[in-house]
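Everything below concerns the one structure shown next.
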Amino acid sequence: MNKAFDRVSWSFLFHVLKVYGFLKDFRKLLKLCVRTVSLQMIINGSSSHRIFPQCGLRQGDPISPYLFILCMEILSLMIIKAESQKAIEGINLSRNSPTISHLFYADDSLLCFRLSSSSCEYLRNILDSFSAISGQMINYQ
């Protein structure tokens with residue numbers, strides 16, 4: 001993910017919280033925490049006007065990593081669905097082990113699957129779809 005915390009769509013985040021069953025009052029409180037940020041820069045020794053971001057999570061805020069994990073769970077579910085539909089095939093570490101198709105750590109992702117042009121194309125479509133709904137930008141390099 002490219003600048004993952006900075007790009008999280010707030011509407012996507014609050015929709016995810018609603019789908020996961022977070023209470024309305026709790027979601028309202030989280031909206032206040034997420035949306036009340038403002039930024040100001042010092043340019044040539046003078047303060048700029050306040051800037052009010054329209055997306056993103058504050059790095060360093062203790063709740064931001066948890067909110068990001070909930071958003072990434074949607075990508076995880078999309079990959080799991082593709083694997084259950086046999087569009088992609090995860091790898092086995094041993095004969096009787098379950099397959100592994102993806103691992104997430106913070107804003108890094110490791111995708112593990114049997115290589116074929118159709119599975120690569122399918123996975124690219126998943127990543128593009130996730131980017132479109134979440135505001136994320138995938139770094140394909």
Only one of S64, S134, S84, S119 is open to solvent by less than 80 Å² (accessible area, probe 1.4 Å) and over 24 Å from D6 (Cβ atoms). Can you tell me which? S119
Number of positions in segment 35-56 that are part of a loop (DSSP other than H, G, I, E, B), open to solvent by 70 Å² or more (accessible area, probe 1.4 Å) and polar (S, T, N, Q): 4
Search segment 71-81 for residues being open to solvent by less than 90 Å² (accessible area, probe 1.4 Å) and free of Cβ contacts under 8 Å to residues at least 40 places away in the same chain, and hand back the single one that is nearest to W10 (Cα to Cα). M72
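If you take the residues of segment 91-113 that are touching a residue at least 24 places away in the same chain (Cβ under 8 Å) and of a type outside the set (S, T, N, Q), which of them is surrounded by the most Cβ atoms within 10 Å (Cβ to Cβ)? Give the steps one after another, and end with the answer.
Step one: list which residues in segment 91-113 are touching a residue at least 24 places away in the same chain (Cβ under 8 Å), which gives 102, 104, 106-109, 111, 113.
Cutting the leftovers down to of a type outside the set (S, T, N, Q) gives us 102, 104, 106-108, 111, 113.
Working: H102: 19, F104: 17, A106: 12, D107: 16, D108: 10, L111: 16, F113: 21.
Looking at residues that are touching a residue at least 24 places away in the same chain (Cβ under 8 Å) and of a type outside the set (S, T, N, Q), I get F113.
The values are calculated or read from the model by the stated rules, or taken from the named source; none is laboratory data. This one's a predicted model, so the numbers in the text were calculated from it and none came from an experiment. Positions of Cβ are backbone-derived with ideal geometry, glycine not excepted, and every protein chain shown enters the neighbour counts. Note: areas computed on protein heavy atoms with side chains; ligands, DNA, RNA excluded. Shrake-Rupley method; radii C 1.70, N 1.55, O 1.52, S 1.80 Å.
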